[in-house]
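Heads up: the structure comes next, in structure tokens.
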Amino acid sequence: LFLDRSVTVDLPIKFSPRYAGCYHCQILLKSSYDVRVYEIECVVNTDNAEAELEFLTPAYQAVIQDIPINNLSSQEWKLEAILEGQGFYGPPLINVGLHETALYPLMFKPIAEC
């Protein structure tokens, strides 16, 4: 039995995810001479994940907005928050379990009228 390993075959795959996350797939190829299993993992990130929040509160009075973070993947997320701007506060780290939604409590406490 002689197998020519120099032969390549294109296997077109179309993948159209609806959400960000980690997707796993197995492809089973069978012939009368060979059986092969290929495992594929696709990680989908959202592009331009931007949001705008507007806080209205009197000076020296804090307002908190809980921001939902949905983890639709099959892995736990350990996220680091980097807050920029005066008067914003929140936890530096947040864990989001797989297939869970966590709320990130973003607080704005102005020290003057702005």
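The values are calculated or read from the model by the stated rules, or taken from the named source; none is laboratory data. Values in this document were obtained by computation on a predicted structure and should not be read as measured data. Because the Cβ atoms are built from the backbone with ideal geometry, glycine has one as well, and the counts that use them run over all protein chains shown. Quick note on the areas: whole protein, heavy atoms, side chains included, nothing else; ligands and nucleic acids left out. Shrake-Rupley method; radii C 1.70, N 1.55, O 1.52, S 1.80 Å.
Observations, loosely collected:
- Averaged over its residues, the chain has an accessible area of 88 Å² per residue, based on protein heavy atoms and a 1.4 Å probe.
- Take the Cβ atoms of residue 28 and residue 70, set R0 to 30 Å, and the FRET efficiency comes out at 0.40.
- Amide H contacts of residue 104: 67, 69, each under 5 Å away and 5 or more positions distant or on a separate chain (H built 1.01 Å from N in the peptide plane; Pro and chain starts excluded).
- Dipole in debye (nearest 20) - the chain, about Cα centre, beta carbon charges: Lys, Arg +1; Asp, Glu -1: 440
- On the stretch 18-109, 51 percent of the accessible area sits on carbon and sulfur atoms, based on a 1.4 Å probe.
- Per-residue HN-Hα couplings for the stretch 76-89 [Karplus 6.51, -1.76, 1.60; θ = phi - 60°; Hz; x = Gly/Pro]: 6, 9, 10, 9, 10, 9, 10, 9, 10, x, 6, x, 9, 9
- Cα-based values for the stretch 63-108, radius of gyration first and Dmax second, are 11.4, 36 Å.
- Positive-end extreme of charge dipole, the stretch 2-114 - chosen from 33, 12, 69 (charges on Cβ): 33
- Normalising the Debye intensity of the chain to I(0), with uniform scatterers on Cα atoms only, and taking log10 at q = 0.17, 0.20 Å⁻¹ returns -0.97, -1.15.
- In order along the stretch 15-28, the phi-based Karplus estimate (6.51 cos²θ - 1.76 cosθ + 1.60, θ = phi - 60°) of 3J(HN,Hα) comes to 10, 10, x, 9, 9, 5, x, 10, 10, 10, 8, 10, 10, 9 Hz; Gly and Pro are listed as x.
- Residue of 104, 38, 23 that the Gaussian network model of the chain assigns the largest fluctuation, springs spanning Cα pairs under 10 Å: 38
- Gaussian network model of the chain, springs between alpha carbon atoms under 10 Å - residue of 72, 29, 98 with greatest fluctuation: 29
- Cβ-Cβ distance of residue 63 and residue 20, R₀ of 41 Å, FRET efficiency by 1/(1 + (r/R0)^6): the value works out to about 0.90.
- Pairwise Cα distances in the stretch 21-88 exceed 14 Å in 77 percent of cases.
- Difference of contour (0.36 nm per residue) and Cα-Cα distance, residue 13 to residue 54: 10.5 nm
- Our coupling estimate for the stretch 92-101, obtained by passing each phi through the Karplus curve with A = 6.51, B = -1.76, C = 1.60 and θ = phi - 60°, is x, 10, 8, 9, 10, x, 5, 6, 10, 10 Hz, Gly and Pro reported as x.
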